[in-house]
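Q: Pasting in a structure now, in structure tokens, and then I'll have a few things to ask.
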Amino acid sequence: MTLTELQALHSLPFFELIQKSRKVHDENWENPEVQLCTLLSIKTGGCSEDCSYCAQSARYNSGVESERLMAKCDIMERAKVAAETGSTRFCMGAAWRGVRGGTQRFEQVLDIIRDVSTLGMEVCVTLGELGPEEAVQLKEAGVTAYNHNLDTSPEHYPNIVTSHTYEDRLRTIGNVQKAGMSVCCGGILGLGETITDRLRMLEVISNFDPQPESVPINSLMPMPGTPLAENPQVDTFDIARMIAITRIAIPKAKVRLSAGRTRLSDEAQALCFFAGANSIFYGDKLLTAKNPTVEKDQVLLAKLGLSPLAPNVPESCAANIESQPVPA
Ligand code: SAM
Ligand code: DTB
Ligand code: SF4
């Protein structure tokens, strides 16, 4: 979609926009299902980059300590619990600028992915910058989707991050696409951006070819010690509006209501689901920040009559899924 088209949607009266997005949602998603994704930070803190929202950057005193890459057995334990509580996608994040083939840590990550991918969930990783060879190796190890966010518009990005560029991010996304992994790419609201920045970001993302398989819409979790720690909270209606426009611009994507749900009421979340969100991060913790508890989310989903979306995994792993219970 063009910026002009996105601006036209944004200027619609709220109910008119939501009606439109609901229609697009119904036309593209037969059942009212929500994808449940569990996040695990497999390598926390100590990151070289200066992303001004992030508690894991080594440049800020956020209180997040730098940890080593988690052991495979501990990751597998967490992945099994995620599958048992109904998650159909497991997303592993690392506080790295990127990864390089041939290094010991990349080999370790490939080994972890090979094992996690036997559990019948979609496997997503977010490890920062990737070259073409690394992308192919991740795909061969069993990664189904790669998360790499653009976060905001190309114009606002240099105000938020200076240690790498928007172009670097786009290059990685191109490498992910060429290797045949799904792209998960979205952004953060509340970085001091304008409405135009938000829509420019959606313009860039909606023009990917193919369009991304999932689009996380995060609201800034203000992390103490980071430059954006005092940014004001994003208005609920602005979040719902962005969800609705994303649904219209990228109809077949999972639109993921991501970071920031702890600051949204059940009613506000219901509004976002109605507007077109059909995925959440599920589990008490995001990477370092809080998320609603599994129990709280199970109650909310049950109240709304929303059930978990089945995973999209290769045949060989699908056999493992039958035994996984889903939440009531
Ligand atoms: N290092 C990798 C990278 O930057 O791509 C992967 C991990 S990074 C933490 C993943 C994403 O988390 C970021 O792109 C950003 O969108 C999101 N994120 C990080 N800190 C956040 C915060 N305080 N509030 C909301 N989203 C945040
Ligand atoms: C995404 O878009 N949001 C997730 C996931 N992809 C990796 C991360 C949110 C992080 C929130 C801040 C924290 O936990 O430190
Ligand atoms: Fe590092 Fe990713 Fe955080 Fe940026 S967002 S500081 S690259 S972990």
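The values are calculated or read from the model by the stated rules, or taken from the named source; none is laboratory data. Note that the structure is predicted; figures quoted are calculated from it, not measured. Counting neighbours? That spans all protein chains shown, and the Cβs are built from the backbone with ideal geometry, glycine included. For accessibility, only protein heavy atoms count, side chains too; no ligands or nucleic acids. Shrake-Rupley method; radii C 1.70, N 1.55, O 1.52, S 1.80 Å.
Q: Can you list the residues, at least 5 places off or on another chain, whose amide H is less than 5 Å from the amide H of E213, using H built in the peptide plane?
A: Excluding prolines and chain starts, which carry no amide H, the hits are V183.
Q: What do you reckon, how do Y60, Y157 stack up by accessible area (1.4 Å probe), largest on top?
A: In descending accessible area the options line up as Y60, Y157.
Q: Of all the Cα-Cα pairs you can form in region 168-227, what percent are over 16 Å apart?
A: Distances greater than 16 Å cover 51 percent of the Cα pairs.
Q: Any idea of the accessible area per residue across the chain, 1.4 Å probe, to the nearest Å²?
A: For the chain, the per-residue accessible area is 43 Å².
Q: Quick one: Karplus J couplings for region 259-272, per residue in order, coefficients 6.51, -1.76, 1.60, θ = phi - 60°, nearest Hz, x for Gly and Pro?
A: These are the phi-based 3J(HN,Hα) values: 4, x, 5, 5, 9, 10, 5, 4, 5, 5, 5, 4, 4, 5 Hz.
Q: I would also like to ask the following. Can you give me the % of accessible surface on the chain that is carbon or sulfur? Probe 1.4 Å, all protein chains present, nothing else counted.
A: 52
Q: Please compute the Cα-Cα pair-distance distribution of the chain with 10 Å bins starting at 0, giving whole percents from short to long.
A: Once binned at 10 Å, the Cα pair distances of the chain give 6, 27, 38, 24, 5, 0.
Q: For K285, list long-range residues whose amide hydrogen, built 1.01 Å from N in the peptide plane, is under 5 Å from its own amide hydrogen.
A: N291
Q: Over region 1-70, what relative contact order in percent results from Cα pairs under 8 Å that are six or more residues apart?
A: 21
Q: Follow-up. Any chance you could look up the accessible area of E267 with a 1.4 Å probe, heavy atoms only, rounded to 10 Å²?
A: 130
Q: Can you list residues from other chains, or at least 5 along the same chain, whose modelled amide H is less than 5 Å from the amide H of Q35?
A: Amide H neighbours of Q35, under 5 Å, 5+ apart: S279, I280, L309.
Q: Please list K72, K296 in order of solvent-accessible area, largest first, computed with a 1.4 Å probe with all protein chains present.
A: The most accessible residue leads, giving K296, K72.
Q: Counting Lys and Arg as +1 and Asp and Glu as -1, what is the net charge of the other residues whose Cβ lies under 15 Å from the Cβ of E27?
A: With Lys, Arg at +1 and Asp, Glu at -1, the net is +3.
Q: While we're here: I need to check one value: relative contact order of the chain, counting alpha carbon pairs closer than 8 Å and at least 6 residues apart, in percent.
A: The value is 25 percent.
Q: How large is the accessible surface of V109 in square angstrom, using a 1.4 angstrom probe and rounding to the nearest 10?
A: Looks like 0 Å² after rounding.
Q: At 7 Å along Cα-to-Cβ for each site, give me the label-to-label distance between T162 and E5 in nm.
A: 3.7
Q: Follow-up. Just tell me which lysines come within less than 24 Å, Cα to Cα, of K139; anything on the same chain fewer than 8 places away is out.
A: Counting by Cα, and skipping residues close in sequence, K139 has these lysines nearby: K43, K72, K80, K178, K252, K254.
Q: OK, next. Going by accessible area, probe 1.4 Å, with all protein chains left in place, what is the ranking of D297, D111, largest first?
A: The ranking, largest first, comes out as D111, D297.
Q: Let me ask something additional. If you take every DSSP beta bridge fully contained in the chain, what fraction is antiparallel? Give it as a percent rounded to 5.
A: 5
Q: Can you work out ³J(HN,Hα) from phi for every residue in region 119-133, in order, using Karplus 6.51 cos²θ - 1.76 cosθ + 1.60 and θ = phi - 60°, giving whole Hz and x for Gly and Pro?
A: Result, ordered by residue: 8, x, 9, 5, 10, 10, 10, 9, 10, x, 5, 10, x, x, 5 Hz.
Q: Provide the solvent-accessible area of R200, counting protein heavy atoms only and rolling a 1.4 Å probe, rounded to the nearest 10 Å².
A: 60
Q: Output ³J(HN,Hα) for region 34-50: one whole-Hz value per residue in order, computed from phi by the Karplus curve 6.51 cos²θ - 1.76 cosθ + 1.60 with θ = phi - 60°, and x for Gly and Pro.
A: Listing the rounded values in order: 10, 7, 9, 10, 9, 9, 9, 7, 8, 8, 9, x, x, 7, 6, 7, 10 Hz.
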